[in-house]
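Chemist: Below you'll find the structure I mean.
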Amino acid sequence: MRQKRTENDSMWEKWTDDWLSHRVSYGHVRREALTTKASTRGSEKRAGETESLHVLVLNPNPSRSFPSLSFSLFPSHCRSISPLLLETKQESKNKSEKRSIDRGKMCGIFAYLNYNVTRERRYILEVLFKGLRRLEYRGYDSAGIAIDSDRGWPPAPVAGGENGGKETGRPAYDSPFPLIFRQEGKIESLVGSVFSEVDAMDLNLEKPFSVHAGIAHTRWATHGVPSPRNSHPQSSGPWNEFVVVHNGIITNYEVLKETLIRHGFTFESETDTEVIPKFAKFVFDKAHDEEGEQTVTFAQVVTEVMRQLEGAYSLIFKSPRYPNELIACKRGSTLILGVKELTDANSGTFSHDDKTFTTIGKPKEFFFSSDLCAIVEHTKNYLAIEDDEVVHIKDGCVSILKFDYGKEKPASVQRALSVLEMEVEQIKKGNYDHFMQKEIHEQPHSLTTTMRGRLRANDVVLGGLKDHLKTIRHSRRIIFIGCGTSYNAALAARPFMEELSGIPVTLELASDLLDRQGVMYREDTAVFVSQSGETADTLLALEYALEHGALCVGITNTVGSTLARKTHCGVHINAGCEIGVASTKAYTSQIVVMVMMALAIGADKISTQSKREAIINSLPDLPNKVSEVLKLDNEMKDLAESLIEVQSLLVFGRGYNYATALEGALKVKEVALTHSEGMLAGEMKHGPLALVDETLPIIVIATRDACFSKQQSVIQQLHARKGRLIVMCSNGDASSVCPSESCRVIEVPQVADCLQPVINIVPLQLLAYHLTVLRGYDVDQPRNLAKSVTTQ
Ligand code: AGP
């Protein structure tokens, strides 16, 4: 049976001590924990408990009157053609929840609002462009922005033209109408087109704004080809009365579109998003028609729109009807608010971190982003917006409302700001040519931060897991679930987890688990591994495991990610922002976290105590060993030069290093665009041996562990068939693995067997990197790939 969780269940409650310590603290709020209705196992661990959390009231007057809109959005003639809209709110909500991670798209959202601090238009544009450049690594095919014009309204459109006559007259607003710029292709082509369009319309780039709200977007096409017309911001119509940027997918957009068309709206794009601004305008117009002069608030408009949307989304709304305000809301897709308070209205320097958002008039800058990477260079004070929250920025204040389908009025919410641990350097290449290169070389540091504060004398403390260890120890099975590199990391950790826990450990590729609807019990512990915490397959598998009542543990690099929010408990790998599409430092940190998890689970087992303590004591030296293996950089470049023409590459590993073979091959495949296969060496004679000849390069991993002699035998068999061998061995073992000097040897430092995959992958990461550069391919954004795969 599914374990029920409360609405307020959030990462703060689950990803405990090690993350909680980073929060900023003011006031108190009661925490509600999980209820384990219908689940007998583990209830003692997940029962409700109360803990003091500190929160900050973001708005002095959050309880502004918020009446539900009283008009009928869909008169009876509409309902007859929109059966989905006849669903009850709860049914609609359930469906939406079900689908919320069904599909999504890898778009990026960024917004910038300066309040009581003068910024020229040029500066505002640069902030928006910079935000987009920070989101670039996620993958995109077009981009766009919206900023204010100088005029109260654009030239009148032709009467009877677009939008069924709804827009034939000028709307009655005096505030500057939003200018939308959209372009297909790279951010730089958007930048170029914005400046030439601005020039053509004689827009003053030096015009100062003491308050201004700008929004920006990178799009990964799903509905409609990449084109300016399908890019975001999407608009309500010719007057741009509501403009919206969207990350996610609206699953019921066709029904909404049909309804809006019947109400006279004309659609210009093929996107699902366009229904959102048009629907906002529909709501606004309706409210005005029915309520006369009584104004409907921006938040009321947005919540009424949310009431009708199904799917996954994070959205930002901008409107000249509500000048200098922004509203963001989300359901499923990550959205972050960054807040920067300034001392001097013109200097742009930081004040002390008192975060008195309630001081009306104090100069501030607000940022919304799909990703912390686009916020860190502006401020470290952030809020991970939760599902169904509506964040409204107006007059320098932030108010947060919690939308609930079952309730007419959203409740106001108090949330804490967090302090970002990330450094600005993490999002910059520094002295490196590429992010992948930087991230490979960063591993001694990222591993140090992964372990920081978690190692004690003969013990490991994982704050996010400690209350759940007893439940995990009583599990029938531990199931690791992930995709790609994250799956490989779990594969590397499996032998040690099995050894230390004494529990059967199985592995699932998330998509395969879903395809065959694999067996899962409520007595299982399902461990979800994901760098991004947003991979659609992994999140769907999580949904599946939650439905089956398993204890769900998350291992992720991304604070505030869907994985972090939806699992019962978990561990952040703290590897720092990983920008290269090819996962490198996250892989090694994931392995170390899973090794630490095994050490924590195995703390009560006598038979493995000495091994456990030996590993704990060796962990602090692991970053030094990684520094040592990084010295092979030139050697790997040299090896890459010798492989530049090869069509195919095999990597053989076994035991702990079967994962190294898979991961090494994946790296070569995804960035160097060279066919490569990782194989279990034990399977060699069952088929792959037929491929062996003098031309096919084969990397054999034969570092010292229990499988060493078997790997020696594999090398001999390959050698006998004149295989083109590259052998990875422990320092000093060259002659043992390659007596006749007929093969190329990569010697690496030896560490404990369960940590050896962390060392062994590094030369293969370097090889993949150099091969890619030599072949002239895009290292950080390989073709067809996105950093997180939010589509199935
Ligand atoms: C890694 O180099 C790949 N880009 C890819 O396999 C990735 O690991 C996979 O898509 C899973 O991503 P996640 O860890 O963010 O869930």
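Chemist: Which residues, taken from the stretch 540-559, are away from the ligand (no atom under 14 Å from the Cβ) and either outside any strand (DSSP E or B) or over 13 Å from F480 (Cα atoms) (or both)? Steps first, answer last, please.
Modeler: Kept after step one, since they are away from the ligand (no atom under 14 Å from the Cβ), are these residues of the stretch 540-559: 543-553.
Selection gives E543, Y544, A545, L546, E547, H548, G549, A550.
Chemist: Kindly indicate whether any position in the stretch 395-408 is surrounded by fewer than 21 Cβ atoms within 10 Å (Cβ to Cβ) and within 29 Å of Y777 (Cα to Cα).
Modeler: No, there is no match, as no residue in the stretch 395-408 is surrounded by fewer than 21 Cβ atoms within 10 Å (Cβ to Cβ) and within 29 Å of Y777 (Cα to Cα).
Chemist: Same structure, new question: So L507 fits all but one of (1) outside any helix (DSSP H, G or I); (2) in contact with a helix residue (DSSP H, G or I) (Cβ under 7 Å, 6 or more places away or on another chain); (3) more than 16 Å from the ligand (Cβ to nearest atom); what number is the exception?
Modeler: It fails just one condition, (3).
Chemist: So the check is Cβ under 8 Å with 6+ separation or different chains; which pairs have a first residue in the stretch 476-498 that's part of a helix (DSSP H, G or I) and among the charged types (D, E, K, R) and a second one that's near the ligand (Cβ under 8 Å from one of its atoms) and modelled with pLDDT of 95 or more?
Modeler: Once the first residue is part of a helix (DSSP H, G or I) and among the charged types (D, E, K, R) and sits in the stretch 476-498, no partner that is near the ligand (Cβ under 8 Å from one of its atoms) and modelled with pLDDT of 95 or more comes close enough.
Chemist: Then there's this: Filter the stretch 222-268 down to the residues that are out of contact with any Asp or Glu (no Cβ under 7 Å at 6 or more places or on another chain), among the hydroxyl-bearing types (S, T, Y) and not in a loop (DSSP other than H, G, I, E, B) and list them by number.
Modeler: Of everything in the stretch 222-268, those that are out of contact with any Asp or Glu (no Cβ under 7 Å at 6 or more places or on another chain), among the hydroxyl-bearing types (S, T, Y) and not in a loop (DSSP other than H, G, I, E, B) turn out to be S235, T259.
Chemist: Still on this model: For the stretch 571-603, which positions are at negative phi and not aliphatic (A, V, I, L, M)? Explain how you work it out, then say what you get.
Modeler: Restricting attention to the stretch 571-603, the residues satisfying the condition of being at negative phi are 571-573, 575, 577-603.
Listed by number, the residues that qualify are H572, C577, E578, G580, S583, T584, K585, Y587, T588, S589, Q590, G602.
Chemist: Would you check if Q781 is more than 16 Å from the ligand (Cβ to nearest atom), in a loop (DSSP other than H, G, I, E, B) and either without any contact (Cβ under 8 Å) to a residue 12 or more places away in the chain or not acidic (D, E) (or both)?
Modeler: Details: more than 16 Å from the ligand (Cβ to nearest atom): no; in a loop (DSSP other than H, G, I, E, B): yes; either without any contact (Cβ under 8 Å) to a residue 12 or more places away in the chain or not acidic (D, E) (or both): yes.
No; evaluated as a whole, the condition is false for this residue.
Chemist: Can we say S713 is surrounded by 19 or more Cβ atoms within 10 Å (Cβ to Cβ) and without any contact (Cβ under 8 Å) to a residue 40 or more places away in the chain? Before you say what the answer is, go through the steps one by one.
Modeler: Numbers: surrounded by 19 or more Cβ atoms within 10 Å (Cβ to Cβ): no; without any contact (Cβ under 8 Å) to a residue 40 or more places away in the chain: yes.
Criteria not met by S713.
Chemist: Shifting gears a bit: Out of (1) closer than 20 Å to Q717 by Cα; (2) assigned to a helix (DSSP H, G or I), what's the single condition that is false for V671?
Modeler: With (1) closer than 20 Å to Q717 by Cα; (2) assigned to a helix (DSSP H, G or I) applied to V671, the lone miss is (1).
Chemist: May I pose another question? So which of V571, V595 ends up being in a helix (DSSP H, G or I), more than 13 Å from the ligand (Cβ to nearest atom), crowded, with 24+ Cβ neighbours inside 10 Å and of a type in the set (A, V, I, L, M)?
Modeler: Values: V571 fails: in a helix (DSSP H, G or I).
Selected residue: V595, the only one of V571, V595 that is in a helix (DSSP H, G or I), more than 13 Å from the ligand (Cβ to nearest atom), crowded, with 24+ Cβ neighbours inside 10 Å and of a type in the set (A, V, I, L, M).
Chemist: Does A416 satisfy the condition of being of a type outside the set (S, T, Y), closer than 17 Å to T556 by Cα and crowded, with 17+ Cβ neighbours inside 10 Å? Steps first, answer last, please.
Modeler: Working: of a type outside the set (S, T, Y): yes; closer than 17 Å to T556 by Cα: no; crowded, with 17+ Cβ neighbours inside 10 Å: yes.
When the stated conditions are applied, A416 does not pass them.
Chemist: Would you confirm whether any residue within the stretch 677-688 is more than 21 Å from I440 (Cβ to Cβ), in contact (Cβ under 8 Å) with a residue 24 or more places away in the chain and within 16 Å of the ligand (Cβ to nearest atom)?
Modeler: Within the stretch 677-688, the subset more than 21 Å from I440 (Cβ to Cβ) is 677, 679-688.
Next, from what is left, pick out any that are in contact (Cβ under 8 Å) with a residue 24 or more places away in the chain: 677, 679-682, 684-685, 688.
Filter once more, keeping what is within 16 Å of the ligand (Cβ to nearest atom): 677.
Yes; the residues of the stretch 677-688 include at least one that is more than 21 Å from I440 (Cβ to Cβ), in contact (Cβ under 8 Å) with a residue 24 or more places away in the chain and within 16 Å of the ligand (Cβ to nearest atom).
Chemist: Surrounded by 15 or more Cβ atoms within 10 Å (Cβ to Cβ), under 29 Å from the mean Cα position of the chain (by Cα), within 26 Å of Q781 (Cα to Cα) and at pLDDT 95 or above - does that describe any residue in the stretch 166-182? Even if it seems obvious, please write down each step before you answer.
Modeler: First, the residues of the stretch 166-182 that are surrounded by 15 or more Cβ atoms within 10 Å (Cβ to Cβ): 166-168, 171, 173, 175-182.
This time we only want the ones that are under 29 Å from the mean Cα position of the chain (by Cα), so: 180-182.
Filter again for within 26 Å of Q781 (Cα to Cα), leaving 181-182.
Cutting the leftovers down to at pLDDT 95 or above gives us 181-182.
Yes: the stretch 166-182 contains one or more residues that are surrounded by 15 or more Cβ atoms within 10 Å (Cβ to Cβ), under 29 Å from the mean Cα position of the chain (by Cα), within 26 Å of Q781 (Cα to Cα) and at pLDDT 95 or above.
Chemist: Kindly indicate which of V727, V758, V714 is closer than 17 Å to A661 by Cβ and part of a strand (DSSP E or B).
Modeler: Values: V758 fails: part of a strand (DSSP E or B); V714 fails: part of a strand (DSSP E or B).
None of the others qualify; the one that does is V727.
Chemist: Scan the stretch 598-641 residue by residue and report those that are of a type in the set (S, T, Y) and free of Cβ contacts under 8 Å to residues at least 60 places away in the same chain.
Modeler: Selection gives S607, S610.
Chemist: Going by what's in this entry, would A582 be described as more than 24 Å from Y382 (Cα to Cα) and either within 13 Å of the ligand (Cβ to nearest atom) or not in a strand (DSSP E or B) (or both)?
Modeler: Details: more than 24 Å from Y382 (Cα to Cα): yes; either within 13 Å of the ligand (Cβ to nearest atom) or not in a strand (DSSP E or B) (or both): yes.
Criteria met by A582.
Chemist: Can you list residue pairs whose Cβ atoms sit under 6 Å apart, with the first residue in the stretch 571-591 being farther than 14 Å from E442 by Cβ and the second being among the charged types (D, E, K, R) and within 9 Å of the ligand (Cβ to nearest atom)? Count only pairs 6 or more apart in sequence or on different chains.
Modeler: Close Cβ pairs satisfying both conditions: V581/K787.
Chemist: Before we move on, is Q609 within 23 Å of D778 (Cβ to Cβ), more than 16 Å from the ligand (Cβ to nearest atom) and either within 35 Å of the chain's Cα centre (by Cα) or modelled with pLDDT under 95 (or both)? Lay out the reasoning, then the answer.
Modeler: Values: within 23 Å of D778 (Cβ to Cβ): no; more than 16 Å from the ligand (Cβ to nearest atom): yes; either within 35 Å of the chain's Cα centre (by Cα) or modelled with pLDDT under 95 (or both): yes.
In short, no.
Chemist: So Q647 passes all but one of these: (1) within 15 Å of the ligand (Cβ to nearest atom); (2) among the polar types (S, T, N, Q); (3) surrounded by fewer than 20 Cβ atoms within 10 Å (Cβ to Cβ). Which condition number does it fail?
Modeler: It is condition (1) that Q647 fails.
Chemist: Residue by residue through the stretch 127-153, note down the ones that are more than 18 Å from E184 (Cβ to Cβ) and acidic (D, E).
Modeler: D148, D150
Chemist: Listed residues H474, H434; which is more than 16 Å from the ligand (Cβ to nearest atom) and over 21 Å from Y656 (Cβ atoms)? I'd like the intermediate steps shown before the answer.
Modeler: Numbers: H434 fails: more than 16 Å from the ligand (Cβ to nearest atom).
Criteria check complete, one pass: H474.
Chemist: Sticking with this structure for a sec: Let me spell it out: the conditions are (1) of a type in the set (A, V, I, L, M, F, W, C); (2) away from the ligand (no atom under 15 Å from the Cβ); (3) in contact with a strand residue (DSSP E or B) (Cβ under 9 Å, 6 or more places away or on another chain); (4) part of a helix (DSSP H, G or I), and A768 meets all of them except one. Which number is the exception?
Modeler: Result: A768 fails condition (2) only.
Chemist: Out of (1) closer than 22 Å to E628 by Cα; (2) charged (D, E, K, R); (3) assigned to a helix (DSSP H, G or I), what's the single condition that is false for R704?
Modeler: (3)
Chemist: For the stretch 510-538, enumerate the residues that are away from the ligand (no atom under 16 Å from the Cβ) and part of a strand (DSSP E or B).
Modeler: As a first pass, look at the stretch 510-538 and keep what is away from the ligand (no atom under 16 Å from the Cβ): 515-525.
Of everything in the stretch 510-538, those that are away from the ligand (no atom under 16 Å from the Cβ) and part of a strand (DSSP E or B) turn out to be D524, T525.
Results for (1) out of contact with any Leu (no Cβ under 6 Å at 6 or more places or on another chain); (2) without any contact (Cβ under 8 Å) to a residue 40 or more places away in the chain; (3) under 30 Å from R783 (Cβ atoms), shown as yes or no for each residue.
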site: G655; (1), (2), (3): yes, no, no
site: G664; (1), (2), (3): no, no, yes
site: L691; (1), (2), (3): yes, no, yes
site: T703; (1), (2), (3): yes, no, no
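Chemist: Scan the stretch 251-266 and report the pairs whose first residue is touching a residue at least 40 places away in the same chain (Cβ under 8 Å) and whose second residue is among the basic types (K, R) and not in a helix (DSSP H, G or I), with Cβ atoms within less than 6 Å and a gap of 6+ or a chain change.
Modeler: If the second residue must be among the basic types (K, R) and not in a helix (DSSP H, G or I), the pairs left are G264/K166.
Chemist: Go through the residues of the stretch 269-281 one by one and say whether even a single one is at pLDDT 90 or above, assigned to a loop (DSSP other than H, G, I, E, B), over 30 Å from N114 (Cβ atoms) and out of contact with any helix residue (DSSP H, G or I) (no Cβ under 6 Å at 6 or more places or on another chain).
Modeler: First, the residues of the stretch 269-281 that are at pLDDT 90 or above: 269-281.
Filter again for assigned to a loop (DSSP other than H, G, I, E, B), leaving 269-274.
Retained after the next criterion (residues that are over 30 Å from N114 (Cβ atoms)): 270, 272.
Subsequent filtering for residues that are out of contact with any helix residue (DSSP H, G or I) (no Cβ under 6 Å at 6 or more places or on another chain) retains 270.
Checked the stretch 269-281: at least one residue is at pLDDT 90 or above, assigned to a loop (DSSP other than H, G, I, E, B), over 30 Å from N114 (Cβ atoms) and out of contact with any helix residue (DSSP H, G or I) (no Cβ under 6 Å at 6 or more places or on another chain).
The values are calculated or read from the model by the stated rules, or taken from the named source; none is laboratory data. Note that the structure is a prediction, hence the values are computed from the model and not measured. Positions of Cβ are backbone-derived with ideal geometry, glycine not excepted, and every protein chain shown enters the neighbour counts.
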